[in-house]
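A short write-up of the structure that comes next.
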Amino acid sequence: MTVYAPRPAAPLLHLLQLCSQSLPVGAYSYSQGLEAAMHAGRVHDEVTARDWIIQMLDQVVARFEAPITLRLIAAFTVRDARCVRYWTDFFIAARDSAEFRAETLQMGYSLGKLLPELVPDQAALTDLLPPLSELPFPTALAAAAVALQVNDDDALLGMLFSWAENQVLACVKSVPLGQVAGQRLLLSLGEPIEHAAQTARQLPDDALSNWTPGLSLMSMQHEVQYSRLYRS
């Protein structure tokens, strides 16, 4: 009879799965405004790509998406359905262009459909999810992290790294940057990612903000851009 040892690495392996670009949620088809910045000439080489990613990381992800994901993780951990719904609705309401709203709902829908396969024995947790048509990606990601027993600090860093990696891949394909330049760029984002995680942990509710009117206008322009590779 085969005897299996305990699995201390399981949460780490689950984290790697959730952060993988092969997770079938379609993240690779979105640039989150980066393609519009490239079209406008604001991002055109490695230096400007890094500047753009760090600004987005600091002004949007660290101050809004990441802290809301942390709040959702906390809500799922204690099975607080009211809190899950509040932060879910709050996040969707803050999507300030049609394509940003469509992006998070499509990715949330895809991960929500996958969750019963990933965690078939967690019905008590997945029952807290809103309907798939109203499920943004941070809510689905938070539910998956809790169901797979990934601790909140690791889940936060994984979410930030996955976001940054997707931005770098968009730059590699579309600036374009070479593969070595892309890896150099990703490596250089380690400290900004750690700083973003620290910011996300410290912000009180009334300090959350995704106020970036320039990005909002770029996203609206991108919706009618004649030629594009990405859906946002």
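Compared with the direct C-alpha span, the chain from Arg85 to Asp58 gains 7.1 nm at full extension, assuming 0.36 nm per residue. Of the residues Cys83, Ala123, Val150, the one whose Cα sits farthest toward the positive end of the charge dipole of the chain, with +1 on the Cβ of Lys and Arg and -1 on the Cβ of Asp and Glu, is Ala123. The alpha-carbon atoms of the chain define a convex hull whose volume equals 135 cubic angstrom per residue.
Dipole magnitude for segment 37-206: computed about the Cα centre from +1 point charges on Lys and Arg Cβ and -1 point charges on Asp and Glu Cβ, it is near 220 debye.
Computed from the C-beta positions of His195 and Tyr226, the FRET efficiency with R₀ = 41 Å rounds to 0.65. Approximating the spin labels as points 7 Å out from Cα along Cα→Cβ, the Tyr28-to-Asp154 distance works out to 2.6 nm.
All of the numbers you see were taken from the coordinates with simple rules; none came from a lab. As the structure is a prediction and not an experimental result, all values here were calculated from the model. Don't worry about glycine lacking a Cβ; one is built from the backbone with ideal geometry, like all the others, and counts go over all protein chains shown.
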